[in-house]
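Worksheet: the structure to be examined is printed underneath.
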Ligand code: ADP
Ligand code: MG
């Protein structure tokens, strides 16, 4: 599915509509250059789960939020922008986080851990079109 959004709110709405359809543990892999809208999209997912505000995990790479009133127990927001060594993925326990079906996992810059991504995942590509316009392409490999 490919859509165009004209502002942040539309991008968040695309995220929210996707989140609604997800009932089990899922790995969402977000791709696209800086400013393409990955964090804005993640904000939309978080809003669906009732998380008030997400803090960009740029410096710590992983932030987690407990979920209440959902089948899933934890929302993980991972940002690999500053990952410089694939070994770090192992040290951070990202594979274990992804393996736990109770987790909803969102990974910005997922291409940085390409070979370690599970086959079962949803890939989402973000493209900058103009100041306020973005293209979002959602592919699920299920
Ligand atoms: P990334 O995480 O991919 O680096 P961000 O979501 O942090 O991107 O930043 C996107 C920037 O672009 C924000 O400043 C946001 O306000 C702006 N923006 C403008 N139009 C859109 C849109 N249609 N969708 C998402 N973000 C948009
Ligand atoms: Mg970001």
Candidate set: segment 78-121, residues that are buried (at least 16 other Cβ atoms within 10 Å of the Cβ) and out of contact with any strand residue (DSSP E or B) (no Cβ under 8 Å at 6 or more places or on another chain); chosen: the one nearest to residue 55 (Cα to Cα)
83
Residue by residue through segment 96-113, note down the ones that are more than 18 Å from residue 24 (Cβ to Cβ) and more than 16 Å from ligand 1 (Cβ to nearest atom).
113
Under 9 Å by Cβ, and 6 or more places apart or on different chains, what pairs join a residue from segment 53-69 that is farther than 17 Å from residue 89 by Cβ with one that is within 13 Å of ligand 2 (Cβ to nearest atom) and assigned to a loop (DSSP other than H, G, I, E, B)?
65/54
Name the pairs whose Cβ atoms lie under 8 Å apart, with the first residue in segment 29-42 and more than 19 Å from residue 114 (Cβ to Cβ), the second within 9 Å of ligand 2 (Cβ to nearest atom), and 6 or more positions between them or separate chains?
39/56; 39/79; 39/108; 41/30; 42/30; 42/108
Only one of (1) closer than 14 Å to residue 29 by Cα; (2) in contact with a helix residue (DSSP H, G or I) (Cβ under 8 Å, 6 or more places away or on another chain); (3) within 14 Å of ligand 2 (Cβ to nearest atom) does not apply to residue 83, and that is (1)
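Please verify whether residue 105 is more than 12 Å from the chain's Cα centre (by Cα), under 27 Å from residue 128 (Cβ atoms) and away from ligand 2 (no atom under 13 Å from the Cβ), treating the condition exactly as stated.
Details: more than 12 Å from the chain's Cα centre (by Cα): no; under 27 Å from residue 128 (Cβ atoms): yes; away from ligand 2 (no atom under 13 Å from the Cβ): yes.
When the stated conditions are applied, residue 105 does not pass them.
No lab work stands behind these numbers, since they all come straight from the coordinates. Every value quoted in this text rests on a predicted model; they were computed, and no experiment measured them. Please note: Cβ atoms are built from the backbone with ideal geometry, for glycine as well, and neighbour counts cover all protein chains shown.
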